[in-house]
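J.: If you scroll down you'll find the structure; I have some questions about it.
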Amino acid sequence: MAMEITQFLLAAQSADAKVRTEAEASLRQFQEQNMPVFLLSLSVELSNDDKPVESRRLAGIVLKNSLDAKDAIRKEQLVQQWMAIDISIKSQIKDSLLRTLGSSVPEARHTAAQVIAKIASIEIPRKQWPELIGSLLNNMTQKDKPAALKQATLEALGYVCEEISHQDLVQDEVNAVLTAVVQGMNLAEHGPEVRLAATKALYNALEFAQTNFENEMERNYIMKVVCDTAMSKEVEIRQAAFECLVAIASAYYEVLEPYMQTLFQLTSNAVKGDEETVALQAIEFWSSICDEEIELQEFESPESGDSGPPHSGFIEKALPSLVPLLLETLLKQEEDQDQDDTIWNISMAGGTCLGLVARTVGDAIVPLVMPFVESNILKPDWRCREAATYAFGSILEGPTVEKLSPLVQAGLDFLLNAMKDGNNHVKDTTAWTLSRIFELLHSPATGFSIISPENLKRVVGVLLESIKDAPNVAEKVCGAIYYLVQGYEDAGPSASLWSPYLTDIISCLISTADRTDGGDSKLRSSAYETLNEVVRCSNIAETSSIIAQLLPVIMNKLGQTMDIQIVSSDDREKQGDLQASLCGVLQVIIQKLSSTDETKTIILQAADQIMLLFLKVFGCRSSTVHEEAMLAIGALAYATGSQFEKYMPEFYKYLEMGLQNFEEYQVCGITVGVVGDICRALDDKVLPYCDGIMGLLLKDLASSELHRSVKPPIFSCFGDIALAIGEHFEKYVPYALPMMQGAAEICAKMETADEEMVDYGNQLRRSIFEAYSGILQGFKTVKPDVMLPYAQHLLKFIELVSRDNQR
């Protein structure tokens, strides 16, 4: 079989599709016939230096994919499959892999390190393979072992630390791992390959080093080695060392005081003169320090007198040197960075860090940044003007309104003029800065706004002119309009100020969404998102006729999407994105017009046509569209009330499809929410559909495939159904209540160390209470005794939750 597996693995990579398909089928057949022997053969193939590199590489990949998967359910199946294999075969596989770490072929060593970590992730938490760490450390401590073996061993140690939790190792093992890793970083003893692997392994092992960082001697030693390594002559090693420093800043902030002088020197030199990959990590170090200090400031509550963990004020102490360092980075833009949102370079990183510094120290940053802004904003070189604008935009969050207000008042006119700058970068950053000003310093509802009734006309005029600019500028202008109108929401009399501009704003946004030069659909979706906000924030009393005129325009556009020629999957995606955006706009219009009795009739008159459009959209099959169309139908059900009944026979099959869509669980979750909307709209007229709906909801709850986030809304939905149909819910009680009791018991046993699980537990509890209250109210007047058998369990659950301090 060994000979055959080599041939199959090589044939599976053949250029000839027929040969490839046959080889893959043979490999699958072998796998299904005898999984343990199949995995053993793969490990032998990977470890054999006489075999071709290509077959060994694929053997490693197949082996790794037989142990791990992205999908949680599949992963659990693979874990169970590995656990079921006979122990002697597992030992042979593991021995093969450990041998492969010494292979002369780098790819084989690398793959073996990854597979070892995958097995460790299954076995170590179950207290199996206790000798693994020892045998890896043995490779490191024996003097005569070759460098290649040490490099692969360090890689394996790093991957193992990444895969397991720090609770899985005892402190002696942690100490030994850290010692081996830190010694591997030693310049005198090891070549660059070993030192790079050691530095990367340290990054993954830092989470385990809690106790070691509490001990001053050990901490000093680790910090010295990392700082020395950050000055290595190899770029990759310097980058990896700075990545360790970033992680240390987050994990061990409170013990950094003695090292900050050295760290400032190191990071400052890197930002000024090192390769970009290293400089980016050096800036990231300061961003991490800011994150820690911002978080500490949020937790320091003067009322309770609880000072929390120590706040060392590193940013404040470093300000006079740190701010000039960051401002210099802003002048290192790339020529085309305004055209590509995925670019991350030193000027972007510097600006982001400057923004975090502003949030950390507040007013203190302003006098350090404004001279840079003033001296660069008028220079002929576009880089200076862009950097000055970026610096100004970056410090708008953090300092007080009192400190910023006079500066922004003075600068607003200048920024509006800069929207006509000759350079695209400058206009892009100016539009972004305007959107930040409107987001942070324009809130008429609280009585403060940088925009006066007098200058609003000019602001709107400039924005509507600039939205016609290049796509990247137009997209930022959409953001500025978004925050401008959002500021007027719930602003009382001030809300009327922008109503006169509504027609122009809407028509400009629609024209922008129709542009064909956006390349991707980003500009279009920004224009529609902004249109949604414009409708949502408009003052209905003054603008109802304008929004009523918008309704047929958007319906018409949605109707036209049905005629788009679909030739490729690309066309299908474009159609889906456009339909999703238009359904989103319709949802907001429906909600807005149905919010007052006078305007609700507009929706009632158009409801048949709207529903027909939504049903056609469902016929086009795309998950994003399903989400948006479902949400819009929920709004329509709310608006039409009991009249929604006439759409149910046609719509019900799509409701069923949504509730069965485990793959795209967001669609399933939204559909559950829409069932609630329909129950509230139809009351007991929903009864004919309840058997089907309840059957599917119970199936969803029982499924291990459905994402857990959908389960709490299902319980809430039980409450909605029970409220709608009252005593008729009795026949579902024997099925629904045990599910609710089971979920309540899961809540009681939940892991409290994991923040995500605590949140999920709280959602689950709230939804169980919502279910109970809906059911109890539904039975209250007619059959109160139906729920008696469940009363004791409910009371126990209430008591449990009331005693929990995490709620």
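The values are calculated or read from the model by the stated rules, or taken from the named source; none is laboratory data. Please read these numbers as outputs of a predicted model, since none were measured by experiment. Because the Cβ atoms are built from the backbone with ideal geometry, glycine has one as well, and the counts that use them run over all protein chains shown. Surface areas here come from the heavy atoms of the whole protein model, side chains and all, with no ligands, DNA or RNA. Shrake-Rupley method; radii C 1.70, N 1.55, O 1.52, S 1.80 Å.
J.: For each pair in 224/332; 711/783; 427/574; 616/646, compute the distance between the two Cα atoms and list the pairs where it is over 23 Å. Mind dumping the intermediate values first?
T.: Values: 224/332 31 Å; 711/783 27 Å; 427/574 28 Å; 616/646 17 Å.
From the list (224/332; 711/783; 427/574; 616/646), the Cα-Cα distance tops 23 Å for 224/332; 711/783; 427/574.
J.: What distance in nm separates the two pseudo spin-label positions at residue 648 and residue 756, each 7 Å out from Cα along the beta-carbon direction?
T.: Modelled inter-label distance: 3.9 nm.
J.: Shifting gears a bit: Go through segment 286-299 residue by residue and turn each phi into a ³J(HN,Hα) via Karplus (6.51, -1.76, 1.60, θ = phi - 60°); whole Hz please, and just put x for glycine and proline.
T.: 6, 4, 5, 4, 4, 3, 4, 6, 4, 5, 5, 5, 5, 8
J.: Just tell me which aspartates and glutamates come within less than 15 Å, Cα to Cα, of residue 127; anything on the same chain fewer than 8 places away is out.
T.: 163, 168, 173
J.: Using Stokes-Einstein with the Kirkwood hydrodynamic radius over Cα pairs, what translational diffusion coefficient do you get for the chain at 4 °C and a viscosity of 1.567 mPa s, in µm²/s rounded to a whole number? If you can, show how the numbers build up before the last one.
T.: Details: Rh = 31.4 Å.
Taking Rh from Cα pairs, D becomes 41 µm²/s.
J.: Could you run the Karplus curve 6.51 cos²θ - 1.76 cosθ + 1.60 with θ = phi - 60° over segment 483-491 and give me ³J(HN,Hα) per residue in whole Hz, x for Gly and Pro?
T.: 6, 4, 6, 4, x, 7, 5, 6, 9
J.: Now for a different question. From largest accessible area down, sort 536, 383, 680; use a 1.4 Å probe on the protein chains.
T.: Working: 536 100, 383 60, 680 130 Å².
Result of the area sort, largest leading: 680, 536, 383.
J.: Turning to a different aspect of this structure: Would you calculate, for the chain, the mean residue ellipticity at 222 nm contributed by helices, counting each DSSP H stretch of 4 or more residues as -39,500 (n - 2.57) and dividing by all residues, to the nearest 500?
T.: Working: 37 runs with 580 residues, N = 807.
So the calculated ellipticity at 222 nm is -23500 deg cm²/dmol.
J.: Considering just Cα atoms, how many Å³ per residue does the convex hull of segment 679-803 enclose? Numbers along the way, then the final one.
T.: Working: hull volume 13.1 nm³, N = 125.
Per-residue hull volume (Cα only) is 105 Å³.
J.: In terms of solvent-accessible area of protein heavy atoms at a 1.4 angstrom probe, what is the ranking of 626, 311, highest value first?
T.: Values: 626 25, 311 60 Å².
The ordering from most to least exposed comes out as 311, 626.
J.: Rounded if a/c is under 1.5, else prolate if a/b beats b/c, else oblate: with a ≥ b ≥ c from the C-alpha gyration tensor eigenvalues square-rooted, which is segment 30-160?
T.: Values: a/c = 1.83, a/b = 1.31, b/c = 1.40.
Oblate is the answer for segment 30-160, as a/c is 1.5 or above yet b/c matches or exceeds a/b.
J.: Where the centre of each part is set by its Cα atoms, how far does segment 649-726 sit from segment 737-807, in angstrom?
T.: 19
J.: Could you give each residue of segment 670-677 its phi-based ³J(HN,Hα) in whole Hz, using Karplus coefficients 6.51, -1.76, 1.60 with θ = phi - 60°, and x for Gly or Pro?
T.: Values per residue, Gly and Pro as x: 5, 4, 4, x, 5, 4, x, 4 Hz.
J.: Could you check how many percent of all C-alpha pairs in segment 688-750 are farther apart than 15 Å?
T.: Working: 989 of 1953 pairs.
Result: 51 percent of Cα pairs exceed 15 Å.
J.: Can you pull the one-decimal nm distance between simple spin-label points at residue 515 and residue 334, each 7 Å off the Cα toward Cβ?
T.: Output for this residue pair reads 2.2 nm.
J.: Here is a follow-up. So if I place +1 on the C-beta of Lys and Arg and -1 on the C-beta of Asp and Glu, and nothing else carries charge, what would the dipole magnitude of segment 679-803 be about its Cα centre? I want it in debye, nearest 20.
T.: Values: 13 positive and 17 negative charges, 50 e Å.
The calculation lands at about 240 debye.
J.: Can I ask one more? What residues qualify as long-range amide H neighbours of residue 443, i.e. H under 5 Å apart, gap of 5 or more or another chain, H built at 1.01 Å from N?
T.: Residues meeting the amide H criterion: 448, 449, 450.
J.: Determine the alpha carbon to alpha carbon distance for each of 51/118; 653/685; 653/731; 468/600 and list only those over 27 Å.
T.: On the way: 51/118 23 Å; 653/685 17 Å; 653/731 23 Å; 468/600 35 Å.
Violating the 27 Å Cα-Cα cut-off are 468/600.
J.: Pull up the cross-link candidates among the aspartates and glutamates for residue 780, meaning alpha carbon to alpha carbon under 20 Å and not fewer than 8 places away within one chain.
T.: Once the sequence-local aspartates and glutamates are set aside, what remains near residue 780 is 683, 684, 720, 727, 730, 770.
J.: Another question, if that's okay. Gain in length, residue 88 to residue 573, computed as 0.36 nm per residue apart minus the alpha-carbon separation, to one decimal in nm?
T.: On the way: separation 485, 0.36 × 485 = 174.60 nm, distance 5.09 nm.
Extending this stretch completely gives an extra 169.5 nm.
J.: Name the residue from 434, 686, 675 whose Cα lies farthest towards the positive end of the charge dipole of the chain, charges +1 on Cβ of Lys and Arg and -1 on Cβ of Asp and Glu.
T.: 686
J.: Now a separate question. Show which aspartates and glutamates lie in cross-link reach of residue 592 when reach means a straight Cα distance below 16 angstrom and same-chain residues fewer than eight apart are skipped.
T.: Counting by Cα, and skipping residues close in sequence, residue 592 has these aspartates and glutamates nearby: 489, 490, 529, 533, 542.
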